[in-house]
Amino acid sequence: MSDFADTPQPRPVHQAVLVREVLDGLALEPGLFVVDGTVGAGGHSRKILERIGEQGFLLGVDRDPMMLGHASQALQGPNHRLVLDTYAHLDSILTRETLPQADRILLDLGLSSDQLADRARGFSFHSDGPLDLRFNPTEGQSAAEWLAEVDEPTLIQVLTEYAEEPRAAALARSLIKARRDAPIDTASRLAEVVSDSGQARLAKDSPKHPATRVFQALRIVVNAELTQVETFVRDVVHRALKPGGRLAIITFHSLEDRIVKQAFRENELWQQLTPKPVVASTAEQRLNPRARTALLRVAIRKSAT
């Protein structure tokens, strides 16, 4: 159990993606120890607990205190524990919590609908809230603070690498110029600057707002998202997952998926179960638009590692 249940939370709106595919890929059975390294509102974990039964145990980890509050209300029974931390520290978490290596690990690297709806952090460009973008608002710099200090070459690099923005140089100049006039400290202000610049890539007839990729890039920076994924798959997971254990990772953009795909191709370490990523069914994509970009990869840790 956890203390997060003591914090009142609004009813979560997030729908977990690829639930059936995750459960099948993890090959769950009673008595297993499973780690949900991005427990969120508990959508996947609730179903996992049903499969592993009272003999099993689930550890839920998340960087976001708000999401752990949701998870604490969604998960029932004594056979789970919630921890505020990052999955990139999972080996240390298991040691600290006196838990063994896991039989199964799940990561869902997507942004929650509940986080998007949190106006206090500015994840949505439709919000007038502060441009924060941190999963844990108590750690590191906010996006507004980072954007106020970053130099132009670094900003160009970030927009090129993390937003895959072909007009990164011109867009960076627009942002630097705009911050001289007034701070870019709210989500709506950033969205307005990007839209007015005319530089952000927007495909013809695309439903995406022109600032979508810019928000993604800033969020990746302030949360060190790609570093977290790289650290986990290259180092941490081999200390946290038993030989013969299964790892399932859901990604939502090519930058993360590329890291996971390359790691799973190391044949001496992993037996790939999904040479091509699993995608959501047409029916799920209709019911939950977030599922349209979800990619699931599953692999078994080989005993020789």
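What follows draws every value from the coordinates through simple rules; no lab data is involved. For clarity, every value in this text was computed on a predicted model and none was experimentally measured.
Structure above, values below:
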item: For the chain, share of DSSP beta bridges that run antiparallel, in % to the nearest 5; result: 40 percent
item: For segment 131-279: relative contact order, % (alpha-carbon pairs under 8 angstrom, 6 or more apart); result: 22 percent
item: Between segment 83-105 and segment 245-305, the Cα center-to-center distance that results, in Å; result: 21 Å
item: Between 0 and 90°, nearest 10: helix 43-52 axis offset from the chain longest Cα axis; result: 10 degrees
item: Per-selection Kirkwood Rh - segment 54-157 (Cα, Å, 1 d.p.); result: 16.0 Å
item: Overall Cα dimensions of segment 120-221, principal axis frame, Å, largest first; result: 38, 29, 26
item: Helix-only [θ]222 nm of the chain, DSSP H runs n ≥ 4, -39500 (n - 2.57) each, per residue, nearest 500; result: -11000 deg cm²/dmol
item: Residues of type lysines that residue 242 reaches as a straight line, Cα spacing below 19 Å, ignoring anything fewer than 8 places off in the same chain; result: 302
item: Integer Hz, Karplus 6.51/-1.76/1.60 couplings in order for segment 134-139, x for Gly and Pro; result: 7, 5, 10, x, 9, 10
item: Cα principal axis extents for segment 176-305, largest first, Å; result: 58, 36, 19
item: Quarter of the Cα convex hull surface for segment 60-115, i.e. its orientation-mean projected area (nm²); result: 4.3 nm²
item: Computed over the chain, the ratio Rg/Rh where both radii use C-alpha atoms and Rh is Kirkwood; result: 0.98
